[in-house]
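So the structure is just underneath, and the comments pick up after that.
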Amino acid sequence: MKSSNEDKELKILSIKELREFEGLENLTDEQAKEMINIFKELSLLAHKIIIQDDRFTTIPNLRKEE
């Protein structure tokens, strides 16, 4: 099982990992870097929105009740 520090670590795709997705095999390095940056910014924004939502804090409690 992962430690809580590992769960909080930011995972950024490499160019190689991005090119493994169907349809993205032929991206140039520059296109891949731009796309990776867009994904990173989008995921950070989504994370910020989620942690600001009061309902987010209830999810772990709901899971414990299952």
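Yes/no matrix, rows are residues, columns are (1) of a type outside the set (F, W, Y); (2) within 19 Å of the chain's Cα centre (by Cα); (3) assigned to a loop (DSSP other than H, G, I, E, B); (4) at pLDDT 85 or above:
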| site | (1), (2), (3), (4) |
| --- | --- |
| N5 | yes, yes, no, no |
| E9 | yes, yes, yes, no |
| I12 | yes, yes, yes, yes |
| E34 | yes, yes, no, yes |
| L45 | yes, yes, no, yes |
| K64 | yes, no, no, no |
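For segment 18-33, the candidate set comprises residues that are of a type outside the set (A, V, I, L, M) and surrounded by 13 or more Cβ atoms within 10 Å (Cβ to Cβ); within that set, the residue that is farthest from L44 (Cα to Cα) is R19.
The values are calculated or read from the model by the stated rules, or taken from the named source; none is laboratory data. What you see is a predicted model, and the numbers here were worked out from it, not measured in a lab. In this analysis, Cβ positions are derived from the backbone assuming ideal geometry, glycine residues included, and neighbour counts consider all displayed protein chains.
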